[in-house]
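K.L.:
Below you'll find the structure I mean.
The values are calculated or read from the model by the stated rules, or taken from the named source; none is laboratory data. The structure presented is a predicted model; accordingly, all values stated were derived computationally and were not measured. Every residue, glycine among them, receives a Cβ derived from its backbone with ideal geometry; neighbour counts consider all protein chains shown. Ligands, DNA and RNA are stripped out before the accessible areas are found, and what is left, the full protein with its side chains, is counted by its heavy atoms. Shrake-Rupley method; radii C 1.70, N 1.55, O 1.52, S 1.80 Å.
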Amino acid sequence: MDKPSFEQLIKEDRAARESKRWRGTLLEYLELVRQDPSIVKLAHGRIFDMIMRHGVIDMMESDDPRVKRLYKDESLKVYNFFRDEFFGIEKTVSQIVRYFHSAALKGEESRQVLYLMGPVGSGKSSLVEKLQRGLEDLDPIYAIDGCPMFEEPLHLLPRHLRKEFEKMLGVNIEGDLCPVCRYRLKTEFGTRYEEFPIVTRSFSKRNRVGIGVVPPVDPNNQDTSVLIGSEDISKLDLYSEGDPRVLDLNGALNVGSRGICEFIEVFKNETEYLHAMITATQEKVIPAPGRHGMVYVDTCIVAHSNEAEWQKFKADHTNEAILDRIVVVKVPYNLRLSEEVKIYEKIIRHSDFHAHVAPHTLEVASMFAILSRLEPSAKCDLMTKLKLYNGEEVVEKGKTKKLDVHELRDDTKREGMSGISTRFIMKALDNALSDNVEGNCINPINVREAFINMVKETELPDDTRKTYLEFLQDVLHKEYLELLEKEITKAFVYSYQEQAESLFQNYLDHAEAFVNKTKVKDRNTKEELQPDEGFLKSIEEQIAIIGSAADGFRQEVIAYLWAASRRGERVSYKSYEPLKEAIEKRLMSSVRDISRIITKARTRDEEQSEKYDAMVGNLLSNGYCRSCVDVVLKYAANNLWKD
Ligand SMILES: Nc1ncnc2c1ncn2[C@@H]1O[C@H](COP(=O)(O)OP(=O)(O)OP(=O)(O)O)[C@@H](O)[C@H]1O
Ligand SMILES: [Mg+2]
């Protein structure tokens, strides 16, 4: 198909927009409502419907075994509206949705502020922005023509007839005309309110339609006009006192009408500000500037700030009344490795960052971020905790570690509320790149360097700095070397996967014969053989199963795999985590010498060169680039196989 021309694109877009545009009278609007009463919505209901329209799935529907392991006892929902942009904060998201749900049902929540509290860079602003973008994508709403607050047209209906109209239309009518519309009705239409023009308006943050934003205000200039608008001084001479034509209802609470009003770093504002915010939610009215009485407002107030501000605010008992009117939703950092990686992939995708990203780079960076956020536990070390939180099985002394993730979580106080932010990590990735401009590539090695430098330079309490450096120089260093060795082994071993499978099959045959005290039938010669204990041991010793422990281990393996295959699962060398680890280590040790010699060699003979080139070729096809292949192999030579 031909690419559309610019003209075509523009025309089609215009046509699509115009088809949604509508203009008529209140009388005509009433007909529209009769046909589809769902066009009448209050702000919270609109946002709730917007979220739900995208669908919900149950966390357990995922076919990732790690997710199943992590969430088996919770019935956590995943909302598609947020799913592609927010990772690892499903609980937070579902609390936000719960707020909108009960607010949509006009529960107490519809008269409370939604307040997101969390550490820097945990996604608070992004969550609110997502809601705002969602509104902008909605079809336009119907509003009274010329109303500075885009009022619901049904406000034009006089009180005494509303019951009747509610019955005829099947909707609730809430709210009153703003002073500007009231004036216009009186002067232009008299009693013929049904002729008042109605139009459609689209939500727009930039045009300040249905989306208002209140930035933290300069404490020396606490002018409430930011919230509720002002009187236009130049018009004060023209009109008499109390004439609504002098009103500029362009405060954030005015323009946020029917949608969202966002308060950034809310508790930096004076209490006076907060009172207007609270009245707006609680009473659904705000004062009009000057002497113009109160104005009805239907908006969903979302505020956010960090924990320190919240604690300070909470400690002041004069704020009690306000505290009672706030629904607090914590937005902690994500603590799942796989999800943290997705965060950086997303940020990079949306940025101008175009360098090559070597395998495991974001993984290592994410590990650092998460380690810094975890609280120590007496039950395991932090790296183990990180893996358990990621839904992985951790093997210790030949057994999968039996530690309950929920219990680990319950032991913590404020895990996820402190540590290193997403922004810090992104800055380190940028720094790593600017240190390697000619390579145009970031890799775990230069990123770790960048982290170390940043930690040294950043203002941090001494013990925090010490802990971070330990993570980087010790824990992550070791972890990465393990990853790297596995990777190089895979690149060295011809058809790694098949070799692993064949070791696995052999192990099973011999272990089964051993356990059942039978013989092993050779697959080729059909000869009956004694189980080869030497071979079994050569695998088991890789994970420190020696002596009498071997019997139990063999029985466990057989029982586990038997149960798995009875459940209909396809059994592979990866099925039983301890055995998988043993097999991988066995493969690694089988090529350790040769990879060391070949990688470190200054000169290689023909056979060695061939092997080396094949290994490099494999790494390249596994996602490395020319630059990082060199870097990681040099790193391996210096660190992995020290002489
Ligand atoms: N769990 C997450 N899932 C997806 N993206 C995230 C997550 N946490 C943080 N981010 C991303 O990190 C960046 C910083 O987030 P954001 O600016 O929303 O944080 P914030 O909580 O508002 O921080 P601050 O308190 O400094 O204002 C954004 O690009 C955001 O999308
Ligand atoms: Mg923010």
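K.L.:
Among the residues of the range 280-293, are any more than 29 Å from residue 200 (Cβ to Cβ), in a loop (DSSP other than H, G, I, E, B), open to solvent by 40 Å² or more (accessible area, probe 1.4 Å) and more than 16 Å from ligand 1 (Cβ to nearest atom)?
P.N.:
Checking the range 280-293: at least one residue is more than 29 Å from residue 200 (Cβ to Cβ), in a loop (DSSP other than H, G, I, E, B), open to solvent by 40 Å² or more (accessible area, probe 1.4 Å) and more than 16 Å from ligand 1 (Cβ to nearest atom).
K.L.:
Identify, please: which residue in the range 233-254 is in a loop (DSSP other than H, G, I, E, B) and of a type in the set (S, T, N, Q) and is, among those, farthest from ligand 2 (Cβ to nearest atom)?
P.N.:
Filtering first and then ranking leaves 240.
K.L.:
Return the only residue of 135, 161 being away from ligand 2 (no atom under 16 Å from the Cβ), surrounded by 20 or more Cβ atoms within 10 Å (Cβ to Cβ), part of a helix (DSSP H, G or I) and among the aliphatic types (A, V, I, L, M).
P.N.:
135
K.L.:
Let me ask something additional. Filter the range 100-123 for residues that are within 16 Å of ligand 1 (Cβ to nearest atom) and open to solvent by less than 20 Å² (accessible area, probe 1.4 Å) and give the result.
P.N.:
Listed by number, the residues that qualify are 114, 115, 116, 117, 118, 119, 121, 122, 123.
K.L.:
If you scan the range 269-279, which residues turn out to be polar (S, T, N, Q) and open to solvent by 40 Å² or more (accessible area, probe 1.4 Å)?
P.N.:
If the condition is that a residue be polar (S, T, N, Q) and open to solvent by 40 Å² or more (accessible area, probe 1.4 Å), then 271, 279 are the ones that fit.
K.L.:
Let me ask something else. Counting only residues that are open to solvent by 60 Å² or more (accessible area, probe 1.4 Å) and free of Cβ contacts under 8 Å to residues at least 12 places away in the same chain, which one in the range 566-589 is farthest from the chain's Cα centre (by Cα)?
P.N.:
Restricting to residues being open to solvent by 60 Å² or more (accessible area, probe 1.4 Å) and free of Cβ contacts under 8 Å to residues at least 12 places away in the same chain, the top hit is 566.
K.L.:
Residue 351 passes all but one of (1) over 21 Å from the mean Cα position of the chain (by Cα); (2) among the polar types (S, T, N, Q); (3) farther than 22 Å from residue 468 by Cβ; which number fails?
P.N.:
Failing condition for residue 351: (1).
K.L.:
Same structure again: Please count how many residues of the range 309-338 are of a type in the set (D, E, K, R) and in a helix (DSSP H, G or I). First the steps, then the outcome.
P.N.:
Residues of the range 309-338 of a type in the set (D, E, K, R): 309, 312, 314, 316, 320, 324-325, 330, 336.
Still in the list and also in a helix (DSSP H, G or I): 309, 312, 314, 320.
Of the residues in the range 309-338, 4 are of a type in the set (D, E, K, R) and in a helix (DSSP H, G or I).
K.L.:
A follow-up question, please. In the list 319, 334, which residue meets the criterion of being among the polar types (S, T, N, Q) and under 25 Å from residue 97 (Cβ atoms)?
P.N.:
Answer to the check: 334.
K.L.:
Given the conditions (1) open to solvent by 60 Å² or more (accessible area, probe 1.4 Å); (2) closer than 30 Å to residue 344 by Cα; (3) more than 16 Å from ligand 1 (Cβ to nearest atom), report the number of the one that residue 168 does not fulfil.
P.N.:
(2)
K.L.:
Kindly provide the set of residues from the range 57-97 that are among the hydrophobic types (A, V, I, L, M, F, W, C) and within 16 Å of ligand 2 (Cβ to nearest atom), ordered by number.
P.N.:
Across the range 57-97, the qualifying residues are 86, 89, 96.
K.L.:
Name every residue in the range 298-316 that is without any contact (Cβ under 8 Å) to a residue 24 or more places away in the chain and either open to solvent by less than 30 Å² (accessible area, probe 1.4 Å) or within 16 Å of ligand 2 (Cβ to nearest atom) (or both), in order of residue number. Working first, answer last.
P.N.:
Initially, the range 298-316 is screened for residues without any contact (Cβ under 8 Å) to a residue 24 or more places away in the chain, giving 308, 311, 314-316.
Passing the criteria: only 308.
K.L.:
Return the pair list, or none, for Cβ contacts closer than 7 Å from residues in the range 541-560 that are over 15 Å from residue 586 (Cβ atoms) to residues that are assigned to a loop (DSSP other than H, G, I, E, B), at least 6 apart or on different chains.
P.N.:
Taking only residues 6 or more apart or on different chains, the pairs are 549/398; 560/576.
K.L.:
Here's a follow-up. Identify the residue in the range 31-46 that is part of a helix (DSSP H, G or I) and among the charged types (D, E, K, R) and, among all such residues, is most open to solvent (accessible area, probe 1.4 Å).
P.N.:
34
K.L.:
Let me ask something additional. Considering the range 326-375 alone, what residues qualify as being open to solvent by 30 Å² or more (accessible area, probe 1.4 Å), of a type in the set (Val, Ile, Thr) and under 14 Å from residue 422 (Cα atoms)?
P.N.:
347
K.L.:
Failed condition for residue 257, given (1) in a loop (DSSP other than H, G, I, E, B); (2) more than 17 Å from residue 152 (Cβ to Cβ); (3) more than 16 Å from ligand 2 (Cβ to nearest atom), with all others met?
P.N.:
Exception for residue 257: condition (2).
K.L.:
Continuing with this model, one more query. When you look at residue 28, is it within 16 Å of ligand 1 (Cβ to nearest atom) and either of a type in the set (Asp, Glu) or open to solvent by less than 50 Å² (accessible area, probe 1.4 Å) (or both), yes or no?
P.N.:
It is false that residue 28 is within 16 Å of ligand 1 (Cβ to nearest atom) and either of a type in the set (Asp, Glu) or open to solvent by less than 50 Å² (accessible area, probe 1.4 Å) (or both).
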